[in-house]
Amino acid sequence: MNKRPNDAVPEAVPPADRRIAALRQAAQDKHQQAVQRAEAGIRRLVKEGEEINFRAVARAAGVSLVFLHAHTDLRNRIETLRGQQRAENQSSLQAPSADDGAVIHPLTGPLRRERTTHRERVQELEQRLAAAHGEILRLQRVIQSHNPRP
């Protein structure tokens, strides 16, 4: 007989059942790989300090939003991390740090100088405009004096 020693599937199992079992196993493997990609995507986003939300995780992991929402563990983890980030953002917005002055003060000096320069330029332009209006008025009077009305 030409039986192969590695045949683990007995001959009594119909071929259709073997195909169904193989498809089920492939689906389970694919599902497990998607879960692992989602977990890896979450870890990468956390490590890089990116915003954690369903869209970002789906994009990072190459899975669908429906997949993430359908898996309770993944959904809970994303919601927890998202809530933690929001709480951190709220606390950082409410508590001004001592470093704020270090950023603001160096910027205000050049802005003040620029504002002063702009005000001086506006005053100069207003004076030139007033002079131009005066010249126009003078020329209109000259024209009127040369062309008397009948």
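The values are calculated or read from the model by the stated rules, or taken from the named source; none is laboratory data. All values reported here derive from a predicted model rather than from experimental measurement. Positions of Cβ are backbone-derived with ideal geometry, glycine not excepted, and every protein chain shown enters the neighbour counts. When the accessible area is computed, the model is the full protein with side chains, heavy atoms only, and any ligands, DNA or RNA have been set aside. Shrake-Rupley method; radii C 1.70, N 1.55, O 1.52, S 1.80 Å.
Key figures for this structure:
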{"read-out": "Single residue of the range 70-83 satisfying the filter (touching a residue at least 24 places away in the same chain (Cβ under 8 Å) and either assigned to a helix (DSSP H, G or I) or closer than 16 Å to GLY49 by Cβ (or both)) that is most open to solvent (accessible area, probe 1.4 Å)", "value": "ARG77"}
{"read-out": "Test: residue in the range 55-62 that is at pLDDT below 90, open to solvent by 80 Å² or more (accessible area, probe 1.4 Å) and out of contact with any helix residue (DSSP H, G or I) (no Cβ under 7 Å at 6 or more places or on another chain)", "value": "no"}
{"read-out": "Hits in the range 1-40 (condition: of a type in the set (S, T, N, Q) and at pLDDT below 90)", "value": "ASN2, ASN6"}
